[in-house]
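Input: a single structure, listed below in structure tokens.
The values are calculated or read from the model by the stated rules, or taken from the named source; none is laboratory data. Keep in mind the model is a prediction, meaning the values are calculated, not measured. The area values use the complete protein model at the heavy-atom level, side chains included, leaving out ligands, DNA and RNA. Shrake-Rupley method; radii C 1.70, N 1.55, O 1.52, S 1.80 Å.
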Amino acid sequence: DKGRPRGGLSIIIPKIFRKFVKILKCDSWRLQPILMNINNVRYLIINTYFPVDSQGANDECHELEECLSQIKAIINLNDFDKFYLIGDQNCEFSRNSRHVNLIRQFMDDTQLFDLWQNHPVDFTYSFESENGRSSYIILDHILTLKRSESEITEAGVIHHVRNLSDHEVSYAKIKSTK
């Protein structure tokens with residue numbers, strides 16, 4: 001694996017930073033983990049593309065459960081100071097589905113915090129249904145450890161006319177302290 005994009009996943013690292021980045025092994029094409037060391041601070045970042053939420057309360061979610069299990073393994077196998085789980089988690093927290101509840105439980109188990117709680121966003125994903133009606137929802141998230149919550153100075157989405165994706169660009173500004 002050369003860290004190349006697959007299935008809509010991509011982490012773009014400028015050449016000048018590549019010497020600080022290690023691409024971690026992962027068996028799932030839905031996860032893209034890297035370890036980045038900047039100013040002696042080790043960042044574990046996992047880019048995600050979780051399965052679609054079928055929105056049923058009793059649905060089978062084997063693929064999602066496998067993703068969450070692999071994330072836990074990556075967390076346990078790596079030494080880091082900061083952790084970020086970013087990307088398309090296909091998770092609209094206003095829903096009461098098995099998919100959303102599994103992610104909520106995972107967040108509780110791993111002490112993760114959704115940046116949108118302190119930095120609300122209007123939407124991260126938009127689409128037009130067959131009847132021509134536009135919808136705007138929040139499916140993409142940036143999660144970090146609860147202990148790192150105060151280190152986020154700003155977070156949000158960028159709505160730009162040149163963005164041809166149905167997903168908006170998410171970002172976070174992080175204090176550079178260990």
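A few notes on this one:
- Residues ASP140, ASP59, ASP27, sorted by accessible area with the largest first, give ASP27, ASP59, ASP140 [1.4 Å probe; ligands and nucleic acids excluded].
- Whole-Hz Karplus values for region 18-34 come out as 4, 5, 9, 10, 10, 7, 8, 6, 8, 7, 9, 6, 7, 10, 9, x, 9 Hz, taken residue by residue from phi with 6.51 cos²θ - 1.76 cosθ + 1.60 and θ = phi - 60°; glycine and proline positions read x.
- J(HN,Hα) series, region 64-80, from Karplus relation 6.51 cos²θ - 1.76 cosθ + 1.60, nearest Hz, glycine and proline x: 5, 4, 5, 4, 5, 5, 5, 4, 4, 5, 4, 4, 6, 8, 10, 9, 8
- Sequence-ordered 3J(HN,Hα) estimates for region 134-141 from the Karplus curve with 6.51, -1.76 and 1.60 and θ = phi - 60° stand at 8, 10, 10, 9, 10, 10, 9, 9 Hz, glycine and proline given as x.
- Long-range amide H partners of TYR125 with built H, under 5 Å: ILE137, LEU139, GLU168
- Remark on the chain: hydrodynamic radius 17.1 angstrom, per the Kirkwood mean of 1/r across alpha carbon pairs.
- Computed P(r) (all Cα pairs; region 76-157; 5 Å bins; percent): 3, 13, 23, 23, 18, 10, 6, 3, 2, 1
- Most mobile listed residue (SER129, SER165, SER69) in the chain, GNM with C-alpha springs under 10 Å: SER129
- A 1.4 Å probe run over the protein chains yields, for the chain, 60 Å² of accessible area per residue, whole-number rounding.
- GNM flexibility winner over the chain from ASN90, ASN47, ASN78 (Cα, springs under 10 Å): ASN78
- Computed over protein heavy atoms with a 1.4 Å probe, the carbon and sulfur contribution to the accessible area of region 57-144 reaches 44%.
- In this structure GLU154 has an accessible area near 70 Å², from a 1.4 Å probe over the protein heavy atoms.
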